[in-house]
1. Amide H neighbours of VAL129 under 5 Å, counting only residues 5+ apart in sequence or on other chains, H built in-plane at 1.01 Å?
2. First obtain the Kirkwood hydrodynamic radius of region 56-194 from its Cα pairs, then insert it into the Stokes-Einstein equation at 37 °C and 0.692 mPa s, and state the resulting D in µm² per second as a whole number.
3. With Kirkwood's inverse mean 1/r over C-alpha pairs for Rh, give me the Rg to Rh ratio of the chain, two decimals please.
4. In percent, what relative contact order does region 33-336 have, based on Cα pairs under 8 Å that are 6 or more apart in sequence?
5. With +1 on each Lys and Arg Cβ and -1 on each Asp and Glu Cβ, how big is the dipole of region 33-336 about its Cα centre, in debye rounded to the nearest 20?
6. Taking neighbour counts of Cβ atoms within 10 Å as a proxy for exposure, in what order, fewest first, do ARG316, ARG186 appear?
7. I'd like to compare 172-179, 235-242, 63-70, 84-91: which one has the highest average count of other Cβ atoms within 10 Å, and what's the full order after that?
8. For helix 181-191, what angle does its Cα long axis make with the longest principal axis of the chain, in degrees from 0 to 90 and rounded to 10?
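Each reported figure results from applying straightforward, stated rules to the coordinates on display, with no laboratory input. What you are looking at is a predicted structure, and each value in this text was computed from that prediction instead of being measured. Here the Cβ positions follow ideal geometry from the backbone for every residue, glycine too, while neighbour counts run over all protein chains shown.
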Amino acid sequence: MEKKKHFIESYPLTRMRRNRSKAFSRRLIKENSLSVDDLILPLFITSGKNIEEEINSMPGVFRLSPDRLLKLLEAVVSLDIPAIALFPYIDKELKDSSGTYALDDDNLVCQTVRLIKKEFPELGVICDVALDPYTDHGHDGIIINNDVDNDKTVEILTKQALNQATAGCDIVAPSDMMDGRVAAIRKCLDKNQYINTQIMSYAAKYASSFYGPFRDAVGSNLKHNNIDKSSYQMGPENSDEAIREVSLDISEGADMVIIKPGMPYLDIISRVKKECNIPVFAYQVSGEYSMIALASKNGYFDLEGAMMESLISFKRSGADGIFSYFSIEAAKILKSNK
Ligand code: PBG
């Protein structure tokens, strides 16, 4: 890209602090802002009644049974947060090597989606398409000859997405990083008349250590605490590859894309926003949440400041929206600032 020439006078004619010296002026020169419209709240669900378990590695985040979830959603809706993303904690007994329970039309996710849609029909509901909460080995797909088999996994994921769409979710979000899954899911949804169910693909998802607390939250770390997903998730060294991934997903019918994790990959968000014409979402993942939550809990810095600063960094990088476990707190602050 061509660099713009900047004709600026130097000090003392120019004083950058002049614009920053008063609050009204600082407001006027703000280049980016965060709104509640930008927020998506990820939520962990568990079966049973009246359950609210705090996740050890994510202070302030809970696994909720569907009844408790509905209570929380009253607050989410009254704060005007546009959408939530559901992640299930599946009982050990229901897991197997091929994630069979993901296809059960009365599984925890389907039950919960139906409940939510009955109570809060306007709230956007996003379901994760991947097998990791359902497999006993914790991989996102099924393993054949020691490898997560792409094409067989896509067949199952397609059925999982249809199952979620049938339950009534608005958006299916494949987070598995298999090749060709977006096209397969789009074709299957269309064939079954779900032409308006959106696909938000985790198009550029990196093999990241920052997912650690999430795996604790959904219990997908039964076998290994440090499962290696690098044969399907991207290597952190790569940037051009993200553009290919996003472009492919767009050509396969993705309506929106996610870049994940968030803060360590702001450059990717910025490139995708500039180079690909599609709504781009940042996922501020569990490890990013926990770093901020724990450091502020220890008194190393102020929670509110660090949280809002982290969120605006996504907007500055070009994200259209953000998945954040801080969405409720952030929405409250945004509301009180009005
Ligand atoms: C699984 C999935 C993961 C996350 C969202 N969906 C973890 C993984 O790929 O191992 C991570 C979310 C987070 O860390 O907050 N398909």
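1. Amide H to amide H, under 5 Å and 5 or more residues apart or across chains, VAL129 pairs with ALA173, SER175.
2. My calculation gives 209 µm²/s for D.
3. 0.99
4. For region 33-336, the relative contact order is 20 percent.
5. Approximately 340 debye in magnitude.
6. Going from sparsest to densest Cβ surroundings: ARG316, ARG186.
7. So the peptides 172-179, 235-242, 63-70, 84-91, ranked by packing, come out 172-179, 84-91, 63-70, 235-242.
8. 70
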